[in-house]
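Data first, discussion second: the structure below is written as structure tokens.
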There are 2 protein chains.
Amino acid sequence: MRDTGLLGRLIQHLRCLPGVGPKTAQRMAFHLLQKDREGARALAETLLQAIDRIGQCSRCRTLTEKPLCDICADPARDSSLVCIVENPSDVWIIEQATVFKGLYFVLHGRLSPLDGIGPGELGLDQLERQLATSDIKELVLATNSTVEGEATAFFIGELARKHHVQASRIAHGVPMGGELEFIDSGTLLHAFNGRRTI
Amino acid sequence: MRDTGLLGRLIQHLRCLPGVGPKTAQRMAFHLLQKDREGARALAETLLQAIDRIGQCSRCRTLTEKPLCDICADPARDSSLVCIVENPSDVWIIEQATVFKGLYFVLHGRLSPLDGIGPGELGLDQLERQLATSDIKELVLATNSTVEGEATAFFIGELARKHHVQASRIAHGVPMGGELEFIDSGTLLHAFNGRRTI
């Protein structure tokens with residue numbers, strides 16, 4: 001009975017969810033079948049719809065079911081300001097946390113030559129066309145603060161300079177509410193180097 | 001963009017999974033759509049099949065896609081020994097951990113008069129018919145060690161006695177490898193009361 005049968009297959013497939021191991025998958029399967037078949041059906045149907053219909057925005061490459069995402073299609077957004085992020089989830093995070101009113105451009109990764117990820121894979125040719133043809137005045141580089149994220153930010157900064165567009169990097173330093181005692185030395189060094197006169 | 005649209009609905013529906021909050025649901029949705037559409041499709045399709053086809057075994061009430069589950073249908077299992085458990089997941093746990101070779105009977109809950117769960121909801125009429133008509137010699141009561149689980153075990157024990165069938169309760173005590181220092185007093189009291197001569 002254990003790993004064969006429909007129930008075993010369901011448990012197996014639930015493990016494709018990030019962070020879900022065999023025990024959690026088992027708990028999820030039993031929960032859905034015993035307590036929430038309605039919810040499970042809605043989940044499965046929405047998931048199928050999402051796989052079929054959600055693609056990339058033709059302008060900013062974020063995930064959307066439309067040709068142009070809601071942000072790019074919104075005339076109230078400031079199209080002269082473009083924030084560069086690594087993942088579509090970063091767009092959500094920034095939208096939820098900040099009052100940024102510009103547009104986005106999603107790289108779907110970062111430069112990583114060893115993994116075969118170059119400018120082409122990140123859509124930088126598309127970004128360059130936008131830099132050349134549209135009214136972009138500033139790129140806000142919000143790639144992650146990893147070695148590869150920094151390298152990607154630097155590369156795109158150079159691209160912006162080539163097209164006489166201003167580039168800025170989001171600030172890195174001590175998180176709000178963070179105590180110095182618990183901050184790693186790299187962040188602290190960054191915070192000191194980036195200090196501002198008050 | 002935030003909570004509307006297909007992506008927002010997918011994130012919402014993922015929250016019907018146990019232990020999945022808004023952040024995890026968001027991470028799952030982006031992971032499936034960006035990295036594992038194949039897996040997501042397989043998951044959705046298997047989930048729909050499971051909802052449609054998985055029901056209860058006519059004999060032991062566990063979850064199965066067949067009229068009779070694999071355990072009940074296996075002629076090598078000892079049908080004179082029946083283990084009573086609260087949930088179908090308990091069957092899996094016991095199958096994975098022990099060498100129990102009897103059959104099971106799944107209550108899908110425990111006696112809880114305040115919540116309107118009586119003997120009828122737990123299928124005890126069906127169990128009583130089995131006690132009266134089949135060759136059951138022993139019921140192993142493996143309901144959880146909660147107040148309600150104990151009450152349920154006691155109730156079913158009385159049922160067994162009425163039909164001259166032996167009833168046993170699984171042992172409760174100090175877990176294997178457990179240190180006394182970290183055991184709660186209720187378990188320790190139980191372990192002392194249930195001590196055995198060696």
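Output the 0 to 90 degree angle, nearest 10, between the alpha-carbon long axis of helix A:124-133 and the longest principal axis computed from the alpha carbons of chain A.
50 degrees
Got the B:D36 label distances to the other copies yet, label 7 Å along Cα→Cβ, in nm, shortest first?
B:D36 label point versus its equivalents elsewhere: 1.8 nm.
Straight-line reach from A:K162: which aspartates and glutamates have Cα under 14 Å away, leaving out those fewer than 8 places along the same chain?
Result set, ordered by chain and number: A:D125, A:E128, A:E138.
Counting only other chains, what is the mean number of Cβ atoms within 10 angstrom of the Cβ of each residue in peptide B:84-91?
2
Which value, in nm² and rounded to one decimal, describes the direction-averaged projected area of the C-alpha convex hull of chain B?
Working: hull surface 66.5 nm².
Projected area, direction-averaged: 16.6 nm².
Determine the shielding of peptide B:65-78 by partner chains: average, over its residues, the number of Cβ atoms on other chains within 10 angstrom of each Cβ.
So the per-residue partner count for this stretch is 1.
Excluding A:H163 itself, what net charge comes from residues whose Cβ is under 14 Å from its Cβ, given Lys and Arg +1 and Asp and Glu -1?
So the environment of A:H163 carries a net charge of -1.
Cross-link candidates for B:K101: which lysines have Cα within less than 22 Å, leaving aside residues fewer than 8 places away along the same chain?
Straight-line reach from B:K101, under 22 Å: B:K66, B:K137.
Taking the Cβ of A:E148 as the centre, find all other residues whose Cβ is under 11 Å away and add up their charges (Lys, Arg: +1; Asp, Glu: -1).
-2
Can you tell me what share of the DSSP beta bridges in the protein assembly as shown is antiparallel? A percent to the nearest 5 is fine.
20 percent
Using only DSSP helix segments of four residues or longer, with each worth -39500 (n - 2.57), what per-residue ellipticity at 222 nm results for the protein assembly as shown after dividing by its residue count and rounding to 500?
Value at 222 nm, helices only: -14000 deg cm²/dmol.
From the label point of A:I93, set 7 Å from Cα along Cα→Cβ, how far away are the matching label points in the other copies, in nm, ordered shortest to longest?
3.6
What's the average, rounded to a whole number, of partner chain beta-carbon atoms within 10 Å of each residue's beta-carbon in B:17-26?
Average per residue, whole number: 4.
Whose Cβ in chain B comes nearest the axis that rotates B onto A, and by how many Å?
Spelled out as residue then distance in Å, it is B:A44, 2.
Taken together, the values in this text are just the output of simple stated rules run on the coordinates, not laboratory data. Just so it is clear, the model here is predicted, and its values are computed rather than measured. Don't worry about glycine lacking a Cβ; one is built from the backbone with ideal geometry, like all the others, and counts go over all protein chains shown.
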